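The values are calculated or read from the model by the stated rules, or taken from the named source; none is laboratory data. For clarity, every value in this text was computed on a predicted model and none was experimentally measured. Here the Cβ positions follow ideal geometry from the backbone for every residue, glycine too, while neighbour counts run over all protein chains shown.
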Amino acid sequence: MKVDRRQFIKISAGAIGAAVAADIAGLGVDMSAAQEQAAKVPMKTGRQTPSLCPYCSVGCAQIVMTNDAGRIIDIQGNPDSPLSEGTLCPKGAATYQLVMNDLRWTKVKYRAPGSDHWEDRSLEWAMNRTAELVKQTRDAHFNEFQELPDGKGGMKKKRVMNTYAVASLGGATIDNEWNYAHQKLMHGLGIVYVENQARI
């Protein structure tokens with residue numbers, strides 16, 4: 001039997017639609033056993049909660065399914081989304097593994113300067129430590145005044161109230177409310193370098 005290029009690509013890609021099934025049947029392959037087995041696969045059902053993919057800045061809609069105990073049993077694309085129409089990229093499709101993964105770290109890993117091993121620390125400790133280091137770095141490198149061009153070819157001492165020693169790199173999926181509060185905090189500290197990873 002002669003198989004043209006189009007038929008070969010359809011079959012080898014595994015896109016078993018009605019037309020492809022007809023092509024395979026034309027080759028003498030019986031697909032009834034595979035179709036019967038696929039029908040036996042249990043569908044996960046539970047309470048459906050609309051959500052968003054936590055990865056890139058596209059913000060594809062998802063449906064998170066939970067059981068009666070509130071445990072996540074499945075995460076899939078939301079077909080009601082005008083943006084993604086229920087489709088998810090490989091990272092979005094693997095969101096379930098981000099949440100329900102036995103290998104996921106649940107403690108902060110800290111390696112002290114000069115140490116040869118990692119220590120488990122609490123999230124509270126890490127947040128406090130980060131705040132301490134930000135304040136310490138800001139205070140050590142804070143510029144109240146700075147020599148800047150005066151627009152006439154000379155230099156003039158101007159009040160700047162900033163620091164160049166700290167930078168902030170945000171995430172693409174942070175919502176507008178969080179971004180607003182975050183940039184207010186950063187500018188309040190005098191941090192000049194505030195950037196979003198979506199542009200990098």
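Output yes when any residue across the stretch 179-200 is touching a residue at least 40 places away in the same chain (Cβ under 8 Å), touching a Gly at 6+ places or on another chain (Cβ under 7 Å) and of a type outside the set (D, E, K, R), and no when none is. Looking for residues that are touching a residue at least 40 places away in the same chain (Cβ under 8 Å), touching a Gly at 6+ places or on another chain (Cβ under 7 Å) and of a type outside the set (D, E, K, R), one finds none in the stretch 179-200, hence no.
The set of residues from the stretch 140-157 being modelled with pLDDT of 95 or more, surrounded by 13 or more Cβ atoms within 10 Å (Cβ to Cβ) and more than 14 Å from Met186 (Cα to Cα) comprises His141, Asn143.
This table checks each residue for (1) closer than 28 Å to Val166 by Cα; (2) hydroxyl-bearing (Ser, Thr, Tyr).
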{"site": "Gly46", "(1), (2)": "no, no"}
{"site": "Leu52", "(1), (2)": "no, no"}
{"site": "Cys56", "(1), (2)": "yes, no"}
{"site": "Met65", "(1), (2)": "no, no"}
{"site": "Asp80", "(1), (2)": "no, no"}
{"site": "Thr87", "(1), (2)": "no, yes"}
{"site": "Glu119", "(1), (2)": "yes, no"}
{"site": "Ala126", "(1), (2)": "yes, no"}
{"site": "Glu132", "(1), (2)": "yes, no"}
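Filtering the stretch 117-142 to residues that are free of Cβ contacts under 8 Å to residues at least 24 places away in the same chain and touching a Phe, Trp or Tyr at 6+ places or on another chain (Cβ under 9 Å) leaves Trp118, Glu119, Asp120, Arg121, Trp125, Ala126, Arg129.
Where strands (runs of 3 or more DSSP E) fall entirely within the stretch 78-185, those with at least 1 residues that are under 17 Å from the mean Cα position of the chain (by Cα) are at 155-170.
Would you say Asn78 is at pLDDT 90 or above and more than 30 Å from Asn196 (Cα to Cα)? Against the criterion (at pLDDT 90 or above and more than 30 Å from Asn196 (Cα to Cα)), Asn78 does not qualify. Residues that are farther than 12 Å from Leu52 by Cα, touching a residue at least 12 places away in the same chain (Cβ under 8 Å) and not basic (Lys, Arg) within the stretch 88-116 comprise Cys89, Tyr96, Leu98, Val99, Met100, Val108, Tyr110, listed in sequence order. Put simply, of Thr163, Thr137, Thr95 the only residue that is surrounded by 11 or more Cβ atoms within 10 Å (Cβ to Cβ), touching a strand residue (DSSP E or B) at 6+ places or on another chain (Cβ under 9 Å) and assigned by TED's automatic domain parsing to the domain that holds Tyr55 is Thr95.
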